[in-house]
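What follows draws every value from the coordinates through simple rules; no lab data is involved. These numbers come from a predicted model, not from an experiment. For neighbour counting, all protein chains shown are included, and Cβ atoms are generated from backbone atoms with ideal geometry for every residue, glycine included.
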Amino acid sequence: MTAETQDDTHQEPKPFDPEDHPKVTGDNSLPGDPPREELVNRMIRVDQAGEYGAARIYAGQLAVLGNTESGPLLREMADQEQKHLERFNQMMADRQVRPTALQPFWHVAGFALGAATALLGPQAAMACTEAIEDVIDEHYAKQAQQLGDDETELRETILEFRDDEIAHKEAAVAHDAHQAPGYPLLNRGIKDASRLAIWLSERV
């Protein structure tokens, strides 16, 4: 299965649980939530950072595996992430949202993670993709629920990109991600690092 084989319809996120993530925009905001504009800016900032990091991870993986059988699939997914990044770059410019101050770190760390997992073999590279895309799937679902009917363009962009990330995750599983050496530890470690990166990029 490749990233091209996916349902044309958006996969709607699960019902929003205020206990899970209380900060929302619009009429459903709660006392103590940041102003709508600040919350939306955080979303755009962290999403741009995430797509930038993803592009760097694929760059690292392609540097190692680009000339192997895994190369075409990695290149296909990398091209989609680049399109996502360009869309968020434009949103940042249009809304004058500052990028995360950690972007130089993600530049290095993303490439290093991609190259390191690729050096462990194509299965580990796919395990990396699966773990990260699982976190991003969850992240984009929460954002879509936070936005509700507010910020239609951003919400539709998030849902469109979420579909792509789910397809990447499924493609990684189909290409033996679960056969990677030390898969449980690798999966857990990358997920924890991804969630920390999201938390930091929203705030710094």
Segment His178-Glu160, extension gain: residue separation times 0.36 nm, minus the distance between their alpha carbons
3.9 nm
Between beta-carbons, use under 15 Å as the cut-off and find the net charge around Asn187, counting Lys and Arg +1, Asp and Glu -1.
-3
Just need the relative contact order of the stretch 33-203 here, percent rounded to a whole number, with Cα pairs under 8 Å and 6+ apart.
29 percent
Compute the length gained on full extension between Arg95 and Lys191: take 0.36 nm times their separation in residues and subtract their Cα-Cα distance, giving the result in nm to one decimal.
31.6 nm
In nanometres, the difference between 0.36 nm per residue of separation and the alpha-carbon distance of Leu119 and Glu38 is 25.1 nm
Net charge within 10 Å of Ser201 by Cβ-Cβ distance, Lys/Arg positive one each and Asp/Glu negative one each, not counting Ser201 itself?
+1
